[in-house]
């Protein structure tokens with residue numbers, strides 16, 4: 001087994017562990033999380049501050065990732081086939097347009113007492129519709145690619 005495959009397995013295991021821990025943290029409130037940490041025997045950790053630092057680090061990592069993606073996309077556009085990129089962008093805009101046309105919205109009161117306008121509610125609905133369409137498309141594409149590999153051998 002090559003180093004690349006070992007690295008992929010380790011990344012998969014760490015990803016699953018990360019999802020499990022994120023789920024645990026997301027289900028606890030700040031006080032419950034503090035009690036869980038103290039139950040494990042860690043007394044010197046101030047949990048809410050630790051979480052704030054981790055969230056800050058995750059935002060920094062996200063910003064670096066987005067920056068690198070933008071740089072490499074622009075680099076790929078400059079040196080590659082711009083036609084395929086424009087086709088993909090057009091398809092994405094069509095999905096957004098279809099999502100907006102299928103969306104519905106009405107004025108909605110929010111928790112802080114403000115009111116979300118009908119247009120704002122429609123855009124929220126359109127975003128959800130676009131997410132569903134793109135997620136289904138991604139799943140179908142992955143399943144199709146996997147099935148194609150299985151058939152080829």
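Can you find even one residue in the range 105-112 that is out of contact with any strand residue (DSSP E or B) (no Cβ under 8 Å at 6 or more places or on another chain) and surrounded by 11 or more Cβ atoms within 10 Å (Cβ to Cβ)?
Checking the range 105-112: at least one residue is out of contact with any strand residue (DSSP E or B) (no Cβ under 8 Å at 6 or more places or on another chain) and surrounded by 11 or more Cβ atoms within 10 Å (Cβ to Cβ).
Could you tell me whether any residue of the range 82-95 is over 23 Å from the mean Cα position of the chain (by Cα), modelled with pLDDT under 80 and on the phi < 0 side of the Ramachandran plot?
The answer is yes, given that some residue of the range 82-95 is over 23 Å from the mean Cα position of the chain (by Cα), modelled with pLDDT under 80 and on the phi < 0 side of the Ramachandran plot.
Sort out which residues of the range 101-137 are over 30 Å from residue 89 (Cα atoms) and under 23 Å from the mean Cα position of the chain (by Cα), and write them in order of number.
Those that are over 30 Å from residue 89 (Cα atoms) and under 23 Å from the mean Cα position of the chain (by Cα): none in the range 101-137.
Residue check: is residue 56 part of a helix (DSSP H, G or I), modelled with pLDDT of 80 or more and not assigned by TED's automatic domain parsing to the domain that holds residue 23?
Working: part of a helix (DSSP H, G or I): yes; modelled with pLDDT of 80 or more: no; not assigned by TED's automatic domain parsing to the domain that holds residue 23: yes.
Answer is no for this residue.
Criterion first (touching a helix residue (DSSP H, G or I) at 6+ places or on another chain (Cβ under 7 Å) and at pLDDT 90 or above) does residue 99 satisfy it? If you could, list the steps in order and put the result at the bottom.
Working: touching a helix residue (DSSP H, G or I) at 6+ places or on another chain (Cβ under 7 Å): yes; at pLDDT 90 or above: yes.
So residue 99 fits the description; yes.
Which residues, taken from the range 102-114, are outside any helix (DSSP H, G or I) and modelled with pLDDT of 90 or more?
Within the range 102-114, 103 is the sole residue that qualifies.
The values are calculated or read from the model by the stated rules, or taken from the named source; none is laboratory data. Please read all numbers here as calculations on a predicted model, not as lab measurements. Heads up, the Cβs are rebuilt from the backbone with ideal geometry, glycines too, and the neighbour counts pull from every protein chain shown.
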